[in-house]
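Sharing a structure below in structure tokens format, with a few things to ask.
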Amino acid sequence: MHIICQQRDLQNAVNSVYRAVASQSTIPILTGILLQASKEKIYLEGTDMELRIKYGLSTQVKEEGKAVIPARYFVDLVKRLPDEEIELGLENDGKRLFMKYGDSIVKLNLFEVEEFPEDEKEPVEYNLAVDPLLFSESIKQVSIAVAKDESRPIFTGIHLELNSEEKFLTMATTDSHRLTLKKVSVNIQKLNKDLSEVVVPSRALNEAARLMGEAQEEIKIGFTETKACFKCGDVVVQSQLIDGQFPSFRDVIPESYKTLVEVEIGSLYDSLSRASLVSYGEYKGKGIVRINIKDNSMSIFSFSNDVGEVMEFLPLLKKEGEDLEIAFDARYLLEVLRVLNSETARIEFTGPLSPAVIKPSEGDSYLYLVLPVRIQ
Amino acid sequence: MVNRWIILADMNSFFASVHQAEDISLRGRPVIVTGDPDKRRGIVLTASYEAKKYGVKTGMLIWEAKKLVPDAVFIKAEHDKYLQYSMRILKIMRDFTPLVEPFSIDEAFMDVTGCEDLFGSPMEIAKKLKDRIKNEVGVMCSVGISTNKLLAKMAAELEKPDGLTMLLPEEVPHRLWPLPAGELFGVGPRIERRLDRLGIKTIGDIAKCPVEILKREFGAVGAALHMAAKGIDCSPVNPESLNVLKGVSNRYTLPKDCRGEEIKVAVVDLCEKVVRRARKGGYVGKCVGLTLRDTDLFYYHWTKRLPEYTDITEDVIDTALELLYSHWLLEKPVRLVGVSFTELVKKKWEQPDIFGRKKRLGQLARTCDFLKDRYGENSVQRAVLLEKKSIFA
């Protein structure tokens, strides 16, 4: 293998695949990055066996070949190389990589190429295509409700369900306290009915969104029995699916409401963030706030015996139905307000101890459901 | 601080005494309370003084004790009964002062400062207390009197059984300092060994050792030991000490060496008990700890924090078993199992979950708690505790 590429391009490529490399593993080869040179292109690849990222880069290939490079050193070195042309090649019977820049040279010992776990040869059919910006915005909107702890793996994933007739993909997430639902319109190239419902690790989808979100061409999506694959240009993100039954979330979404309000998101966000500083009760770092909806205004109240109290008042843009007193973990409200992408929000309440539904005022593609807290 | 008068009452051979109090025929006879005498490898939990004379000690295997005192009466422990007796004793103590702090099932402190006009001098109060416990409950105790909790405890240790000892701060150098370091409250066998390596043999050596050396060796504990050896202790008698919980824990020495599923069953049982106690006090907790002691008597301890506060038994069981499975080879035998549930805070609010899991399990727990309150701790149990492999079946 012998190639010549720009430091900037190489750094981009290396950083992209490094996200999938196992930081520490009992299998040493997984801490390496596979570099393959063929024809006019090089491909970099990293995997921790759950997530796999491939990145293709057009460059000058003098001689084809491949190598597995220790990722940590490769990333740290490439980052520090001068912004100029870099020459990479193998020496010592393929056991060492050299990188030449200017008059200087770096040499790195390599892993055995044969040990690198190659991608299964099962072909992936990319049947769906989605707009990159819509995709990455949607992932951002649903990721907020992904469980952060690993105790129930199914909740660390994003549930994807294809409605092939109406051509949209439903994304759903829940950590059991709240739930998001997002409809994303997709282009369907070919139907694959068997794989209409899967749970993909949110990490993989977030990586795909990060790497492909600003692309000019559509993101192509395909599934196999065990994997989800995302492809955009020369970048491929693949992930194992999460096994298990995603809870039947549609049953818990209320069909009607008892109280409906519309509020300006900016001022609600500011009020909540002030109120959440003074926590209700003695749970450290938890901002429990009481919300009171009366006539045409909303008040937000929080207090702590040690600290003091906050009382906020907000005008409502719209109100229908009953007055209401309800309490929430303010973080759960703040998180959704950050991703609503709208000036105003519509909140539907079904009672002081029942779920509340938050949506942007316009459109029905996104929904966030959250349970209030029960104050003893 | 004004001069205080603190009394510690320590029941002598408590479990054995309770049985002797209940059954006249056992009085004056060697009584040995054990895990389960039917099981060959059970161990001695408490021996009456009549049995101790023959050299029977807590922790001994039953057959060893049998060899020493062939005609002893062996009784299986009845923890509910001991708790009832303990409550009766605390009630008597509270007749003298509301400042009563239960310290363990068979020991409690009381602060009798200012009670002289009502009940007489501290010595007289201690005598009255001893007599009442003996006459009304039928159990003997050693009582220590001093000006702080530490010295009261040390005083009670000086004379057993049936002791009544006053230890004043000025007597510390000649009464406590000659004693071996291991006799000091807070010094266990491990610390004793480490002290020994520093050439510290007696309580007096600890008191005379520069505090910097103790701090370097033991950290904050070193400074505390130094104070203790000098007989200094300012901690108040806190009747709420058991009510303001930071954590609950429970451990027991198993009636025999346990393996595999048997360990699991013990863990489940202990989780059930600690979470019930937390719930009873209105607490939720966030950290689960598992303690095991192997047959070489080494302790192992691991903890794991939960993603959120809970008072649901199943959450704690899952976490404790996860600790067990990830750290212990199940075929390795275990002598003692302990579970702790910590980072407790009062339950002020609860975040329900969408799919109703917390609601269902919460209801189940409340129902079981209600049944246990009304019909006793064993009225409702997890099925796993009744299975053949259970050590309790």
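The values are calculated or read from the model by the stated rules, or taken from the named source; none is laboratory data. Keep in mind that this is a model prediction, so the values were computed, not measured. Every residue, glycine among them, receives a Cβ derived from its backbone with ideal geometry; neighbour counts consider all protein chains shown. Surface accessibility is based on the protein's heavy atoms, side chains included, excluding ligands, DNA and RNA. Shrake-Rupley method; radii C 1.70, N 1.55, O 1.52, S 1.80 Å.
Over its Cα atoms, what ratio of radius of gyration to 2.2 N^0.38 Å does region A:32-187 give?
In units of the globular-protein estimate, region A:32-187 measures up at 1.39.
Could I ask something else about it? With the other protein chains left in place, how much accessible area per residue, in square angstrom, belongs to region A:290-376 at a 1.4 angstrom probe?
Values: 4070 Å² over 87 residues.
Accessible area per residue: 47 Å².
Taking region B:297-393, which GluC sites (Glu not before Pro) meet the DSSP loop condition and have no more than 15 other C-beta atoms within 10 Å? Mind dumping the intermediate values first?
Working: sites: B:308, B:314, B:322, B:331, B:343, B:350, B:377, B:387; in loops: B:331, B:343, B:377, B:387.
When the GluC sites (Glu not before Pro) of region B:297-393 are filtered for loop state and at most 15 Cβ neighbours within 10 Å, B:331, B:377, B:387 remain.
Hey, another quick one. Would you mind computing, in nm to one decimal, how far apart the modelled labels at residue B:238 and residue A:374 are, each placed 7 Å from Cα along Cα→Cβ?
Here the answer is 3.1 nm between the modelled labels.
Cβ under 14 Å from residue B:231's Cβ, residue B:231 left aside: what net charge do those residues give with Lys, Arg +1 and Asp, Glu -1? Mind dumping the intermediate values first?
Working: positive: B:4, B:149, B:153, B:175, B:208, B:230; negative: B:157, B:170, B:171, B:183, B:233.
Spelling it out: positives minus negatives among the neighbours equals +1.
Using a/c under 1.5 as the rounded threshold, could you call chain B rounded, prolate or oblate? The axes a ≥ b ≥ c are square roots of the C-alpha gyration tensor eigenvalues, and prolate needs a/b larger than b/c, oblate otherwise.
Numbers: a/c = 1.43, a/b = 1.35, b/c = 1.06.
Rounded shape, in that the Cα axes give a/c under 1.5.
What is the mean number of Cβ atoms from other protein chains located within 10 Å of the Cβ atom of each residue in peptide B:354-360, rounded to a whole number?
Details: counts 16, 8, 2, 2, 4, 1, 0.
Other-chain Cβ atoms within 10 Å of each residue's Cβ, averaged: 5.
Let me confirm one metric for peptide A:251-257, namely the mean number of other chain beta-carbon atoms within 10 Å of its residues' beta-carbons. Could you put the intermediate results ahead of the total?
Values: counts 2, 3, 1, 0, 0, 0, 0.
Across the residues of A:251-257, the mean count of other-chain Cβ atoms within 10 Å is 1.
Students often get this wrong: which residues of region A:229-247 have the backbone nitrogen under 14 Å from the point 7 angstrom along Cα-to-C-beta of residue A:210?
Correct set: A:237-238.
Stretched out fully, how many nm does the piece from residue B:160 to residue B:119 gain, at 0.36 nm a residue minus the Cα gap?
12.3 nm
Take the alpha carbon atoms of region A:5-73, find their center, do the same for region B:114-191, and report the distance between the two centers in whole angstrom.
Using only Cα atoms to place each centre, the spacing works out to 73 Å.
Once amide H atoms are placed 1.01 Å from N in the peptide plane, what residues at a sequence separation of 5 or more from residue A:373, or on another chain, have their amide H within under 5 Å of its amide H?
Amide H to amide H, under 5 Å and 5 or more residues apart or across chains, residue A:373 pairs with A:327, A:328, A:329.
Let me ask something else. Given the C-alpha centroids of region A:323-376 and region A:212-273, what is the distance between them in whole angstrom?
17
Under the rule of at least 5 residues apart or a separate chain, name every residue whose amide H is placed under 5 Å from the amide H of residue B:283.
For residue B:283, the qualifying residues are B:347.
Looking only at region B:14-80, where both bridge partners belong to it, what percent of the DSSP beta bridges are antiparallel (to the nearest 5)? Spell out each step's value before the answer.
Values: 4 of 8 bridges.
Beta bridges within region B:14-80, antiparallel portion: roughly 50 percent.
Now for a separate question. I'd like the trypsin sites (Lys or Arg not before Pro) in region B:233-263 restricted to DSSP loop residues with at most 12 other Cβ atoms within 10 Å, sorted by number.
Working: sites: B:246, B:251, B:256, B:259; in loops: B:246, B:259.
Of the trypsin sites (Lys or Arg not before Pro), the ones in loops of region B:233-263 whose Cβ has at most 12 other Cβ atoms within 10 Å are B:246.
Then there is this: If you take the accessible area of B alone plus A alone and subtract the pair, what total do you get in square angstrom, rounded to 100, with a 1.4 Å probe? Display every interim value, and only then the final one.
Working: alone 20290 and 18840 Å², together 37080 Å².
Its buried surface, counting both partners, is about 2100 Å².
Which ³J(HN,Hα) values in Hz, rounded to whole numbers, follow from the phi angles of region B:372-379 under the Karplus curve 6.51 cos²θ - 1.76 cosθ + 1.60, where θ = phi - 60° and Gly and Pro get x?
Each residue's phi maps through the Karplus curve to give 5, 4, 8, 10, x, 4, 9, 5 Hz.
Which value, in debye to the nearest 20, describes the size of the charge dipole of the protein assembly as shown about its Cα centre when Lys and Arg Cβ atoms bear +1, Asp and Glu Cβ atoms bear -1, and nothing else is charged?
On the way: 107 positive and 114 negative charges, 572 e Å.
It comes to approximately 2740 debye.
With a point put 7 Å past each Cα toward its Cβ, work out how far residue B:174 is from residue B:134 in nm, to one decimal.
Modelled inter-label distance: 2.8 nm.
Measure out, as a whole number of angstrom, how far apart the alpha-carbon centroids of region B:321-354 and region A:84-102 sit.
If we compute the Cα centre of each part, the gap is 53 Å.
Only helical DSSP H runs with n ≥ 4 go in: add -39500 (n - 2.57) per run for chain B, normalise by residue count and round the 222 nm mean residue ellipticity to 500 deg cm²/dmol.
On the way: 15 runs with 153 residues, N = 393.
The helix contribution divided over chain B gives -11500 deg cm²/dmol.
With every protein chain present, what is the per residue accessible area of region B:324-393 (1.4 Å probe, Å²)? Don't jump to the answer; show the numbers that get you there.
Working: 4010 Å² over 70 residues.
That works out to 57 Å² for each residue.
Related question: Ranked highest first by average number of other Cβ atoms within 10 Å, how do B:113-123, B:267-277 line up?
By packing density, highest mean first, the sequence is B:267-277, B:113-123.
Leaving out ligands and nucleic acids, and using a 1.4 Å probe, what accessible area per residue does region B:276-319 come to in Å²?
Details: 1910 Å² over 44 residues.
Per residue, region B:276-319 has 43 Å² of solvent-accessible surface.
Over all residues in B:340-352, what is the mean tally of Cβ atoms on other chains that come within 10 Å of each residue's Cβ?
On the way: counts 0, 0, 0, 1, 0, 4, 4, 3, 10, 12, 4, 14, 9.
Partner Cβ neighbours, averaged per residue: 5.
While we're here: May I ask you to give the percent of accessible area on chain A that is carbon plus sulfur, with a probe radius of 1.4 Å? Numbers along the way, then the final one.
Numbers: 8130 of 17870 Å².
Result for chain A: 46 percent of the exposed heavy-atom area is carbon or sulfur.
Taking amide H positions as placed in the peptide plane 1.01 Å from N, state which residues far from residue B:164 in sequence (5 or more) or on other chains have amide H under 5 Å from it.
Those lying under 5 Å, H to H, from residue B:164 are B:143.
Please give the FRET efficiency for residue A:112 paired with residue A:226, using the beta carbon to beta carbon distance and R0 = 30 Å, rounded to the nearest 0.05. Can you show the working numbers first?
Working: r = 26 Å, r/R0 = 0.87.
Rounded to the nearest 0.05, the efficiency is 0.70.
Quote the FRET efficiency, to the nearest 0.05, computed for residue A:248 versus residue B:90 with a Förster distance R0 of 41 Å and r equal to the Cβ-Cβ distance. Don't skip to the answer; put the middle values down first.
Working: r = 52 Å, r/R0 = 1.28.
Efficiency, from the Cβ-Cβ distance: 0.20.
Using a 1.4 Å probe on the protein chains only, how many percent of the accessible area of chain B belongs to carbon and sulfur?
Details: 10550 of 19210 Å².
On chain B, the fraction of accessible area on carbon and sulfur atoms equals 55 percent.
Could you give each residue of region B:139-153 its phi-based ³J(HN,Hα) in whole Hz, using Karplus coefficients 6.51, -1.76, 1.60 with θ = phi - 60°, and x for Gly or Pro?
Working through the residues one at a time gives 10, 8, 9, 9, 10, x, 10, 6, 9, 8, 5, 4, 5, 4, 5 Hz.
Additional query: With the dipole of the protein assembly as shown worked out from charges on the C-beta (+1 for Lys and Arg, -1 for Asp and Glu) around the Cα centre, which of A:375, B:213, A:216 lies farthest toward the positive end?
Result: B:213.
Still on this structure, I have one more. Evaluate E = 1/(1 + (r/R0)^6) for residue B:355 and residue A:91, where r is the Cβ-Cβ distance and R0 equals 60 Å; express this FRET efficiency to the nearest 0.05. Could the numbers behind the result be given before it?
Details: r = 59 Å, r/R0 = 0.99.
The pair residue B:355/residue A:91 has a calculated efficiency of 0.50.
Then there's this: What list of ³J(HN,Hα) values in whole Hz, one per residue of region A:265-272 in order, does the Karplus curve 6.51 cos²θ - 1.76 cosθ + 1.60 (θ = phi - 60°) give from phi, with Gly and Pro shown as x?
Couplings: 5, x, 6, 5, 4, 4, 4, 5 Hz.
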